[in-house]
Every structure is written in structure tokens, then in C-alpha cells.
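The values are calculated or read from the model by the stated rules, or taken from the named source; none is laboratory data. Worth saying up front: this structure is predicted, and the values here are computed from it rather than measured. Here the Cβ positions follow ideal geometry from the backbone for every residue, glycine too, while neighbour counts run over all protein chains shown. Surface accessibility is based on the protein's heavy atoms, side chains included, excluding ligands, DNA and RNA. Shrake-Rupley method; radii C 1.70, N 1.55, O 1.52, S 1.80 Å.
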Amino acid sequence: EKLNITLAIILVGNNEASKLYIKNKEKYCTEVGIKVDKYLLDEDTSEEVLINLIKDLNEDEKVTGIILQSPVPNGIDFDKCSGMILPSKDVDGFTKENIYKLYMNEDTIMPATVKGIIVLLKKYNINIDGSNVVIIGRGNIVGKPLSLALTNENATVSLLHSHTKDITKYTKEADIIISACGTPNIITSDMIKDNAVVIDVGVNRINGKIVGDVDFESASKKASYITPNPGGVGPMTIAMIIDNLIKLKRGC
């Protein structure tokens, strides 16, 4: 069956990490027969030009879904511009309509990383219902929507951030720890209880290498399950982008 799906990806500027993400998205989409159209805009592109491009893609019937790659250069409001994407083409699940549906626990296009984490936990039969879950990082892309999604799955969620007084007090009680704050090795083995589940969402560059938020070497000796980084949540995110595209194509 031919998918007949087209994904439009917009990149403003020359962020190297973003270019790598787009390359991976394009690779996996192409493998399953999804067409990818890239729109690479200069660093000094105005917000008005970007919004006009999004409006054109909204109206283009051949385009199934649109992604505005984050981050964008200074002078462009990411939330405002990504909010211009039609909810019916919002692959990332960032529009107000889709976030509101997540808040109300209605069927929605869920942010891809959030959906990937939920699918991952369920795939390995890790019980979410009634579990104590600690999320480190309250960002709009992972932390906040993930706290909603896990609450909808009946977890008891603590959302920690840079102003949290004692992170270890929370992590030691957690059945599931999810770190999405972008601080290398912030989670060490002495902060987790035996057999906890540890999911590492952080993306940090040290000496040209990608590392996560978790000290994998030590934490893996204590955890019952732990995601590698790179190679854990990242591929799940891309898989869920494809899943969301198929859902949008079906008009769900």
C-alpha cells in the first residue's frame, strides 16, 4: 500500500544538531515511503516570511504534516510560529488545540517524544498505573506534556526543575525516572533506588560526542531498565513522528 504522505520540515538557520535530526527524520521517513520536503531558510529570515511559508503549506493539499524545527534564531517566536500550523497538520502536537486535548485526556496528536516514552514503557510491560514517576525538566516539548500524558495513565507525577530544592529526595522514591533537562550526568546511581526504570531524554554534546543526562555506566547497574543514549528515545521519537503522520493522513 502506497502511503502517499508528504512531510514538510522547516529549518531556520544553521543549527548543526537540527540538521542531524532532520537527516535522521528524512532517512527513516524515506525508508517507509514518506516523501520529505525540506525548507531551509537563512538565519536572518523574518518571522513574517516564515509565517507566510507555514500558511502556504497549510493550504497545500499534498502536504500531510508540517514540522518547524526547534530552536529558531533570535527574533523569531517559536511558539507563535509553530502555533500557526493547522492542528490537522501538526505532527509535533504543539498547537494549542492538540495540547488542550492532551490536557483533557482526549484522543490527540501527542508530541512525538512523549508518545515514544509511553509506547516504550508499555512495550516492556512496565507498569505506569499507580507508579511514582519523576520527570526532570519542565520544558514545553517534553517535560510538561509528558507530565500530562503520564497523569492520564494514572501515574503519580513529580515534575522537577532548576528551582527544585532536593532532586535526590524525589528520585530515590521514584519507580520511573525520566530526565529531560539537558545536563550531562545529572542522574547518578546513588540517586536511584534498586530496580528503578530510567529513561534518558537529554541531548548534550561533550567534545563532539552526544551524551545523555544519566551516568549510564553506574545507573545501569542499579536500574531494572534503562535507555541508552544515543539510541534510545531518539529513534522512538522518529518512529512516533511517522505514526503521527499516518494518523493525520487518516484524518484522526
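Structure summary
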quantity: Fraction of accessible area attributable to carbon and sulfur, segment 104-252 (%, probe 1.4 Å); calculated: 49 percent
quantity: Stokes-Einstein D in µm²/s, Kirkwood radius over Cα pairs - the chain at 4 °C with 1.567 mPa s viscosity; calculated: 69 µm²/s
quantity: Helix-only mean residue ellipticity at 222 nm for the chain, each DSSP H run of n ≥ 4 adding -39500 (n - 2.57), per residue, nearest 500; calculated: -10500 deg cm²/dmol
quantity: Charge tally in the Cβ shell below 14 Å around Asn185, where Lys, Arg are +1 and Asp, Glu are -1, Asn185 excluded; calculated: -3
quantity: Quotient of C-alpha Rg and 2.2 N^0.38 Å, computed over segment 79-193; calculated: 1.10
quantity: Alpha-carbon radius of gyration plus Dmax, which is the widest Cα pair, for segment 184-252 in Å; calculated: 15.2, 47
quantity: Helix 112-123 axis, angle to the chain major axis (alpha carbon atoms, nearest 10°); calculated: 50 degrees
quantity: J(HN,Hα) series, segment 188-203, from Karplus relation 6.51 cos²θ - 1.76 cosθ + 1.60, nearest Hz, glycine and proline x; calculated: 10, 4, 6, 9, 10, 7, 4, 6, 5, 9, 10, 10, 10, 9, x, 10
quantity: Principal-axis tilt of helix 143-152 within the chain, Cα atoms, nearest 10 degrees; calculated: 70 degrees
quantity: P(r), alpha carbons of segment 112-252 - 10 Å bins starting at zero, rounded %; calculated: 12, 44, 34, 8, 1
quantity: Beta bridges by DSSP in the chain, antiparallel share as percent, to the nearest 5; calculated: 10 percent
quantity: Relative contact order (%) - criterion: Cα under 8 Å, at least six apart; region: the chain; calculated: 16 percent
quantity: Quarter of Cα convex hull surface for segment 33-74, i.e. mean projection, nm²; calculated: 3.4 nm²
quantity: Pairs of alpha carbons in segment 76-118 whose separation is greater than 15 Å (percent); calculated: 39 percent
quantity: Rounded tilt (10° steps) of 16-31 against the dominant C-alpha axis of the chain; calculated: 80 degrees
quantity: Overall form of segment 1-95 per C-alpha gyration tensor (a/c, 1.5; a/b vs b/c); calculated: oblate
quantity: Rg(Cα)/(2.2 N^0.38 Å) for segment 150-201, N = residue count; calculated: 1.10
quantity: Per-residue ³J(HN,Hα) for segment 175-180, Karplus 6.51 cos²θ - 1.76 cosθ + 1.60, θ = phi - 60°, Hz, x for Gly and Pro; calculated: 7, 10, 10, 10, 9, 9
